[in-house]
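This report refers to the structure that appears directly beneath it.
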Amino acid sequence: MLSQNLSQKMLQKLSPQQIQLMKLLQIPTATIDQRIQEELETNPALDESVEGQTEATVNDDADSTDELDNQDDGQEEGFDLTEYIEDYADDDPISYRNNTQTETRDTIPIALNNTFHDYLEQQLGLLELQDERELLIAEQILGSIDDDGYLRRDPTSIIDDLLFAQSIHSTVEEVLVMLKKIQRFDPPGVGARDLRECLLIQINQRIQNDKGVEGHVHPGRDLAYKILEFYFEEFSKKHYQKLQKQLEITEGQLRSAIEEILKLNPKPASAYGGADSSNMNYVVPDFIISNRDGVLELTINSRNLPDLRINEQYVDMLRSYNNRKKQGLTTGNDKQAILFIKQKIDSAKWFIDAIRQRQQTLYRTMYAIMQFQQAYFRTGDARKIKPMILKDIAEITDLDISTVSRVASSKYVQTEFGSRKLKEFFSESVVTTDGEEVSTLEVKNALSEIVAAENKRKPYSDEKLKTLLLERGYDIARRTVAKYREQLNIPVARLRKEL
């Protein structure tokens, strides 16, 4: 039976300003200036302060504009901007002045290099192509090569791209013939469709060079080609004894072939010095912690934050409208324009306030982390990092756990012991055999030390690693050892084996 009833619910919804703040918190210092530039471009009421400019002043109390927001757009009566100008635009300055910048340094101009794909296109000009059709096919293939130098699209997809973009009907044979020509480009291995083909192209080129210069093939390279061509799966899984048996070779011969394979480049594009600058990652710290005679000092790196202000011209427009309204010279179009101006000023004010709140929240959260992990920041000893979870910092700062998580995401802190990801300081606790709580980071460091010191001819299994950790006082299960090993990007014992 259907029925209706009335109920009340309390729902918590984020305002647009809160959503904007949450998004700003996630942006690291290295890219915050890009977000600010986007806002400067889209909102003309937001301006960047330069030396000698006066700041437009806007009252931080937005409640006084509620009456203006609720006015009917078609009614001129009751729209009095006097209070808005006096209370909203003439009292308190609303701007973000960057007072936390670190010491400025001279910037060194960097020469603009050609990209990796530019380099490939230069070599394309050296090919003897029959007509423009072949040129377009070659260009389509080059455009499908990724930043590692691999061709990730299959020939049929390239054919579809050519038909859609260039109205060219091509065949698989045509694409493969052109691909073979491109695979002879520099760097060796470019245009390969998988790792095996990439390594085969490189080793084959070395063999051809041997024939041309020395007149004979290096025995290790010849064997390396055979392994990659016919036994790639056994090689990738490090089944060395199986390889020796099937190829009827000695351990020394196998070692020589593997040494030749290890000389090859699995990412051919990385060998080109003019590759895209996007492949070059630089760590820009968001926080800087210094030790001043035993006292830890925290600074926010604000070098990418410009001084923001409300555009003075927009506030002048409000004042001008108010004066004309007093004289009875305004029209309905003026009302629409002034509402638009007020909307842009409100948006600018909210953004400036969000930037300020972002900096305050960042400092507040990092200061709590610094106090919690004082032992590490004073000594640099990773073993002194205490177990710490998001909830611990949330309780200290009275912030939500999700806010702390956003602050910790993609942020770095610079110390006198190097720069570290903020997330590295968050870890669960493990109880040792002595009943002491230690961070899982300490256990992972111990695991890394054990693996680094093992005999690579007989690497430890996860069960053996569990036993060795127990001897150090860390009583954890074998499946936990496997989980920590995977988090440290340490392969299983079989893949760590060396000859």
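Please treat every number below as a calculation from the coordinates, not as lab data. Predicted model only: the values in this text are computed from it and were never measured. Ideal geometry is used to build each Cβ from the backbone, glycine not excepted, and the neighbour counts take in all protein chains shown.
For the stretch 377-499, place one equal point scatterer on every Cα, skip the solvent, and apply the Debye formula. What is log10 of I(q)/I(0) at q = 0.09, 0.21, 0.22 Å⁻¹?
Debye curve over Cα of the stretch 377-499, log10 I(q)/I(0) at q = 0.09, 0.21, 0.22 Å⁻¹: -0.31, -1.21, -1.26.
With +1 on the Cβ of every Lys and Arg and -1 on the Cβ of every Asp and Glu, and nothing else charged, how large is the dipole of the stretch 390-499 about its Cα centre, in debye rounded to the nearest 20? Present the calculation step by step, with values, prior to reporting the outcome.
Working: 20 positive and 19 negative charges, 194 e Å.
Dipole magnitude for the stretch 390-499 comes out near 940 debye.
Quick one: Cα centre-to-centre distance for the stretch 396-445 and the stretch 447-475, in angstrom?
Between the Cα centres of the stretch 396-445 and the stretch 447-475 lies a distance of 24 Å.
Stretch GLN166-LEU126 to full length: gain in nm at 0.36 nm per residue minus the Cα-Cα span?
That pair, GLN166 and LEU126, stretches by 12.2 nm at full extension.
Testing the spin-label approximation: label points 7 Å from Cα along Cα→Cβ at ASN204 and ARG152. State their distance in nm.
2.4
Place the peptides 220-227, 395-402, 461-468 in order of packing, highest mean first, counting for every residue the other Cβ atoms within 10 Å and averaging per peptide.
With the highest mean Cβ count within 10 Å placed first, the list reads 220-227, 461-468, 395-402.
Quick check for you: which residues of the stretch 387-418 have the amide N under 17 Å from the point 7 Å beyond the Cα of GLU428 toward its beta carbon?
Taking a point 7 Å out along Cα→Cβ of GLU428, the residues of the stretch 387-418 whose backbone N falls under 17 Å are 387-392.
Taking the Cβ-Cβ separation of GLN357 and SER448 as r and a Förster radius of 51 Å, what is the calculated FRET efficiency to the nearest 0.05?
0.85
Would you mind calculating the gained length between LEU296 and LYS242 on full extension (0.36 nm times residue separation, minus the Cα-Cα distance), in nm to one decimal?
13.6 nm
For the stretch 456-499, what is the charge dipole size about the Cα centre, in debye to the nearest 20, if Lys and Arg each add +1 at the Cβ and Asp and Glu each add -1 at the Cβ?
Values: 13 positive and 6 negative charges, 47 e Å.
That gives a dipole near 220 debye.
Please give the length that would be gained between LYS263 and GLU48 if that part of the chain were fully extended, namely 0.36 nm times their separation in residues minus their C-alpha to C-alpha distance (nm, one decimal).
This chain segment gains 72.2 nm when fully extended.
Quote the FRET efficiency, to the nearest 0.05, computed for ASP475 versus ASN5 with a Förster distance R0 of 56 Å and r equal to the Cβ-Cβ distance.
For R0 = 56 Å, the calculated efficiency reads 0.50.
Which one, SER429, GLN336, SER439, projects farthest toward the positive side of the charge dipole computed for the stretch 333-453 from Cβ point charges (K/R +1, D/E -1)?
Result: GLN336, furthest along the dipole toward the positive end.
Need one number: nm distance between label points at ASN489 and ARG35, each 7 Å from Cα along Cα→Cβ, rounded to one decimal.
About 2.7 nm, to one decimal.
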